[in-house]
Amino acid sequence: MWQSNDDRIMDIFDKAKSKNTECFPIICPVCGKQGGHLYLHRYQPEDDRGGMWTWCSVCCNSMHTSAKIPKWWQNLKTIDFDQLAALPDYLENNKADIDEWVNKLLFLDDSNKQR
């Protein structure tokens with residue numbers, strides 16, 4: 001059962017936004033276990049608005065909100081926008097692909113960001 005009662009889960013986004021983080025999944029700021037994930041979805045290709053999900057697979061804390069999407073972010077093409085919801089069930093089922101994608105975006109140069 002997902003819960004959204006601890007705002008510290010948003011620290012996952014802050015670390016990724018500053019590119020000051022370890023590889024995903026990262027240490028959850030709520031439970032201290034390595035289960036923290038992040039997914040962003042830019043609504044339009046040239047827009048900086050979008051949705052943001054942070055969640056932990058271990059303690060089941062999650063948060064979904066609108067966010068200003070960093071310039072370096074590119075949507076993961078295998079994620080179906082129509083499946084996205086406030087609770088991260090769909091994202092949890094795709095967390096391995098999402099973590100791999102976020103790590104590529106965070107740690108590789110711009111020439112390697114195509115998928």
For this session: Using DSSP, restrict attention to beta bridges with both residues in the chain and report what percent are antiparallel, rounded to the nearest 5.
Result: 95 percent
Exercise. Taking amide hydrogens as modeled 1.01 Å from N in the peptide plane, which residues meet the under 5 Å criterion relative to residue 33, leaving out close sequence neighbours?
Worked result: 28
For this session: Among the aspartates and glutamates, select those whose C-alpha is under 17 Å from the C-alpha of residue 19, and discard any that sit fewer than 8 residues away in the same chain.
Result: 11, 99, 100, 109, 110
Exercise. How long, wide and thick is the chain, going by the Cα atoms along their three principal axes, in whole angstroms, largest first?
Worked result: 36, 29, 23
For this session: Please determine, in degrees from 0 to 90 and to the nearest 10, the orientation of helix 95-107 with respect to the longest principal axis defined by the Cα atoms of the chain, where the helix direction is its Cα long axis.
Result: 60 degrees
For this session: First obtain the Kirkwood hydrodynamic radius of the stretch 47-112 from its Cα pairs, then insert it into the Stokes-Einstein equation at 20 °C and 1.002 mPa s, and state the resulting D in µm² per second as a whole number.
Result: 166 µm²/s
Seminar exercise, completed: Sparse-neighbourhood loop hits (GluC sites (Glu not before Pro), the stretch 36-115; DSSP loop; Cβ within 10 Å at most 13 others) -> 46
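Order these by the 10 Å Cβ neighbour count, fewest first: 81, 13.
Ordered by Cβ neighbours within 10 Å, fewest first: 81, 13.
Computed from the coordinates by the stated procedures, all read-outs in this text should not be read as laboratory data. Here the structure is a predicted model, which is why all the values come from computation and not from measurement. Glycine gets a Cβ as well: all are built from the backbone with ideal geometry, and neighbour counts include every protein chain shown.
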